[in-house]
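What follows is a set of notes on a single structure, which appears directly below.
The values are calculated or read from the model by the stated rules, or taken from the named source; none is laboratory data. Model, not experiment: these values are computed from the prediction. All Cβ positions, even for glycine, are placed from backbone atoms using ideal geometry, and neighbour counts span all protein chains on display.
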Amino acid sequence: MTFEPADPAVRDALDAAYHAKYDRYGPSPVGALTGDDVLRTTLRVIPVD
């Protein structure tokens, strides 16, 4: 498997998915995984054939 930086266009969808799944635990877990600064550490995983 290889990794590459995530496309910035996916940020809103990723944030929404985290909010939908983890908002019930309060703002701390979701806040650590969403927002403007986390995209630079978000990677796309690409399988190798």
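The set of residues from segment 1-21 being charged (D, E, K, R) and either in a helix (DSSP H, G or I) or touching a Phe, Trp or Tyr at 6+ places or on another chain (Cβ under 7 Å) (or both) comprises Arg11, Asp12, Asp15, Lys21. Considered as a group, the residues in segment 27-49 that are part of a helix (DSSP H, G or I) and of a type in the set (A, V, I, L, M) include one that is nearest to Phe3 (Cα to Cα), and that residue is Leu39.
Of all residues in segment 12-49, those satisfying the criterion of being of a type in the set (D, E, K, R) and out of contact with any Gly (no Cβ under 9 Å at 6 or more places or on another chain) are Asp12, Lys21, Asp23, Arg24, Asp36, Asp37, Arg40, Arg44, Asp49.
For the residues Ala32, Ala9, the requirement of being surrounded by 11 or more Cβ atoms within 10 Å (Cβ to Cβ) and either of a type in the set (Phe, Trp, Tyr) or over 9 Å from the mean Cα position of the chain (by Cα) (or both) singles out Ala32. Apart from one condition, Arg24 fits all of (1) without any contact (Cβ under 8 Å) to a residue 24 or more places away in the chain; (2) loosely packed, with under 11 Cβ neighbours inside 10 Å; (3) not in a helix (DSSP H, G or I); the exception is (3). The condition of being at pLDDT below 90 and not hydroxyl-bearing (Ser, Thr, Tyr) holds for only one of Asp7, Asp36, Asp23, Asp15, that being Asp36. Residues that are surrounded by 12 or more Cβ atoms within 10 Å (Cβ to Cβ) and either of a type in the set (Ser, Thr, Tyr) or touching a strand residue (DSSP E or B) at 6+ places or on another chain (Cβ under 9 Å) (or both) within segment 35-49 comprise Leu39, Thr42, listed in sequence order.
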